[in-house]
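*Asks:* Just dropping this structure here.
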Amino acid sequence: MAPEKEYDAIWFGGGAAGRFGAAFHKALGGKPLIVEEHHLGGECHVCRCAFENFFYDQASMAELMRLYSGKSWYPNIDLSNISLAKAVESYRKVGQPAFADTMKHQTEKQLGIEVVWGKGKIIDKNTVEVDGKIYRGKNLVIGTGSRPTMPNIPGIDLPGVMTYRDHPEIRKDPKKMVVIGGGKIGIGKAAMFAPFNIEVTVLEKYTCLPKWDRDVRNFIFRDFKRRGIKIYEGIDVKEIKGKEKVESVVAQFNGETMEFPCDAVMVSIGLTPNSEPAIPLGVKIGKGNEIIIDEGCRTNIPGVYAVGDAAGPPYFMAIARKRGMIAAKNIAGEDAKMDYSFVPDHIYIPPLEATCVGLTEAEAREKYGDVVLIQVPWGPKPKDPKPGEYYPGFENQGLPVCGRMHTLNLFFYGQNRNGLVKAIVDPKSRKYLGFHSVGDGAKTAFQYLSYLLKIGWTVDQMANLHEIFLNAEHFIQLSRLVAGQKELKGFAAQVYLEDDF
Ligand code: COM
């Protein structure tokens with residue numbers, strides 16, 4: 001078979017990494033070809049970020065209706081009509097195909113990148129076959145993504161057991177759901193399912209959100225408690241039971257066997273890179289099934305690169321896209337390297353979101369000793385606040401408030417569920433070490449805060465910025481309040497928020 005054309009690189013997989021890499025490659029003057037079986041943008045608009053964003057809106061709406069129904073001037077809302085199945089149906093009908101078109105249009109028409117559609121087969125490091133046609137590339141970039149990791153337990157194949165991939169496919173509203181795995185996907189899913197009248201229980205073998213700052217974890221788990229979302233940590237799931245479909249989950253907890261009745265199970269214990277298509281090339285594969293790459297996204301085979309989730313964690317769209325960009329630069333003859341420092345992290349917990357970048361307080365104390373916290377709230381909140389009431393003595397209950405449009409509403413009517421803002425500073429250098437937030441709309445700022453951390457931004461520099469009050473994350477004004485201190489101390493009388501979830 002004669003090759004169709006020769007390309008500077010074949011991008012095997014047109015997900016976030018392949019699409020952005022090919023675009024960067026073309027912009028640098030190269031000739032890329034994307035080989036894609038399903039969708040440009042990968043799983044994004046099928047079941048990952050675009051879907052998550054849409055579903056977050058839906059879940060926030062449901063949660064806000066629940067919170068505000070009948071309060072103040074808000075009408076009483078019939079909450080029995082809230083439906084997860086209906087919410088995802090509209091995504092399937094409109095959102096998913098619309099996003100797919102956008103990606104296709106942007107890639108092929110706007111950017112003019114060649115795409116060959118179909119299931120590709122890697123023949124060798126310069127040759128890919130698609131539907132009997134041969135395509136030749138000087139370089140090959142593997143961007144085949146990842147899949148959910150499934151535990152090897154009885155019942156895992158029962159109908160009703162799903163992963164994030166099946167979430168948009170739900171056709172009937174579950175009543176009781178068990179989420180296996182309390183990482184950011186599991187906690188985010190729990191927070192998103194609960195507003196839809198679903199009783200949610202999270203079972204985590206070790207610790208939920210172990211890498212997150214204690215105060216953010218406390219905020220989330222206290223909020224879960226109030227909303228009736230149950231969490232078990234240190235619990236070992238042994239079996240999923242059911243005749244025709246899932247009926248319960250059996251687990252060992254503190255030496256006891258426990259059974260959790262449910263009609264749906266969401267498995268979220270991690271991701272496994274799809275490295276298999278690259279194995280025949282002889283690329284090195286790591287313990288987690290990832291393709292091993294160097295800082296320049298090169299595999300051990302010259303001219304073969306791996307990008308995105310296929311090359312292992314961190315599993316984050318920005319990292320996928322940046323790996324694509326770095327591979328493109330290196331294909332074009334540069335010597336570019338990935339920088340994994342100060343990568344932000346984010347979870348939707350409707351109607352709010354949690355975002356962080358840099359060190360947690362515990363990590364900062366270990367590394368820098370006495371650190372300064374610039375934080376609100378900085379002490380206990382009323383235990384079971386009634387909507388619309390003021391609680392003297394809890395001076396931090398609502399001000400300064402954290403977040404955007406929901407903040408004041410959540411303070412006044414939402415049982416004091418407005419968020420948390422925390423910056424950690426090294427008092428000697430006055431440089432920030434980490435930023436943490438629970439709020440509404442703060443995540444946008446973290447894209448830039450991660451860069452400020454990297455360049456060693458100080459409290460004094462932050463205090464010189466121009467805030468547009470009320471803003472979503474409050475770091476400018478909070479820093480300005482203390483930046484005048486010669487010896488940086490932060491706020492007086494910091495009182496820890498208790499672990500009371
Ligand atoms: C995520 C998909 S929206 S991509 O990164 O734009 O291709």
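Since every read-out is calculated from the coordinates, none of them should be taken as a lab result. Computed from a predicted structure; not experimentally measured. Positions of Cβ are generated from backbone atoms using ideal geometry, with glycine treated the same way; all protein chains shown enter the neighbour counts.
*Asks:* Report the gain in length on full extension from S72 to M258: 0.36 nm times residue separation, minus Cα-Cα distance, nm rounded to one decimal. Numbers along the way, then the final one.
*Replies:* Details: separation 186, 0.36 × 186 = 66.96 nm, distance 4.26 nm.
Length gained between S72 and M258: 62.7 nm.
*Asks:* At what distance in angstrom do the alpha carbon centres of the stretch 153-168 and the stretch 1-52 lie from each other?
*Replies:* Centre-to-centre distance over Cα atoms comes out at 29 Å.
*Asks:* Also, quick follow-up: Between R165 and N300, with labels modelled 7 Å along Cα→Cβ, what's the label distance in nm to one decimal, could you check?
*Replies:* Between R165 and N300, the simple spin-label model gives 2.8 nm.
*Asks:* Using helices alone, what [θ] at 222 nm do you get for the chain, with -39,500 (n - 2.57) per DSSP H run of 4 or more residues, divided over all residues and rounded to the nearest 500?
*Replies:* Dividing the helical sum by the residues of the chain leaves -7500 deg cm²/dmol.
*Asks:* Once every Cα of the stretch 251-374 carries one equal point scatterer and solvent is ignored, give the base-10 log of I(q)/I(0) from the Debye formula at q = 0.12, 0.19 Å⁻¹, two decimals.
*Replies:* Listed by q, the Debye log ratios stand at -0.71, -1.06.
*Asks:* Assuming R0 = 56 Å, can you tell me the calculated FRET efficiency for the pair Q461 and K284, based on Cβ-Cβ distance, to the nearest 0.05?
*Replies:* The pair Q461/K284 has a calculated efficiency of 0.85.
*Asks:* How high is the FRET efficiency from A318 to A98, r the C-beta distance, R0 30 Å, rounded to 0.05? Don't jump to the answer; show the numbers that get you there.
*Replies:* Details: r = 23 Å, r/R0 = 0.77.
After rounding, the FRET efficiency stands at 0.80.
*Asks:* Also, I was wondering about something else. Can you pull the percent of Cα pairs in the chain with separation above 31 Å?
*Replies:* For the chain, the fraction of Cα-Cα distances above 31 Å is 51 percent.
*Asks:* Which longest uninterrupted range of the chain lacks any GluC sites (Glu not before Pro) assigned by DSSP to a loop state (not H, G, I, E or B) and surrounded by at most 10 other Cβ atoms within 10 Å? Mind dumping the intermediate values first?
*Replies:* Values: sites that count: E244, E389, E487.
That gives 1-243 as the longest site-free run.
*Asks:* Continuing with the same structure: Taking 0.36 nm per intervening residue step and subtracting the Cα-Cα distance, what contour gain separates L111 from I292 on full extension?
*Replies:* Working: separation 181, 0.36 × 181 = 65.16 nm, distance 3.00 nm.
Full-extension gain reported as 62.2 nm.
*Asks:* Compare the Cα positions of I198, I153, L84 along the charge dipole of the chain (+1 at Cβ of Lys, Arg; -1 at Cβ of Asp, Glu; about the Cα centre) and return the one farthest towards the positive end.
*Replies:* In the chain, that residue is L84.
*Asks:* Quick check: Cα centre of the stretch 277-307 to Cα centre of the stretch 183-261, how many Å?
*Replies:* Here the two parts' Cα centres lie 35 Å apart.
*Asks:* What translational diffusion coefficient, to the nearest whole µm²/s, does the stretch 409-486 have by Stokes-Einstein, given a Kirkwood radius computed over alpha-carbon pairs, a temperature of 4 °C and 1.567 mPa s viscosity?
*Replies:* Answer from the Stokes-Einstein relation: 98 µm²/s.
*Asks:* How about the stretch 168-261: which chymotrypsin sites (Phe, Trp or Tyr not before Pro) there are in a DSSP loop, with at most 13 other Cβ atoms within 10 Å of their Cβ?
*Replies:* For chymotrypsin sites (Phe, Trp or Tyr not before Pro) across the stretch 168-261 that sit outside H, G, I, E and B with at most 13 neighbouring Cβ atoms in 10 Å, the list reads Y206.
*Asks:* Kirkwood Rh and Cα-based Rg: tell me the resulting Rg over Rh for the stretch 198-316, rounded to two decimals.
*Replies:* Rg/Rh: 1.11.
*Asks:* If you don't mind, another one. Treating the Cα atoms of the stretch 33-102 as identical point scatterers in vacuum, please give the log10 of the normalised Debye intensity I(q)/I(0) at q = 0.18 Å⁻¹, two decimals.
*Replies:* Listed by q, the Debye log ratios stand at -0.74.
*Asks:* Let me ask something else. Tell me which residues come under 5 Å, amide H to amide H, from N418 once H is placed; ignore anything under 5 positions away on its chain.
*Replies:* Distant-sequence amide H within range of N418: F411.
*Asks:* Report the local net charge at I185: Lys and Arg +1, Asp and Glu -1, summed over other residues whose C-beta lies under 15 Å from its C-beta.
*Replies:* Around I185, the surrounding residues sum to 0.
*Asks:* What spacing in nm lies between the two simple spin-label points modelled at A362 and D384, each 7 Å away from Cα in the Cβ direction?
*Replies:* Taking the two extended label points, one gets 3.0 nm.
*Asks:* Return the Rg/Rh ratio of the stretch 189-260 with Cα-based radii and a Kirkwood Rh.
*Replies:* 1.00
*Asks:* A follow-up question, please. Give the cross-link partners of K431 among the lysines, using a straight C-alpha distance below 20 Å as the criterion and excluding same-chain residues fewer than 8 apart.
*Replies:* K367, K422, K454, K486, K489
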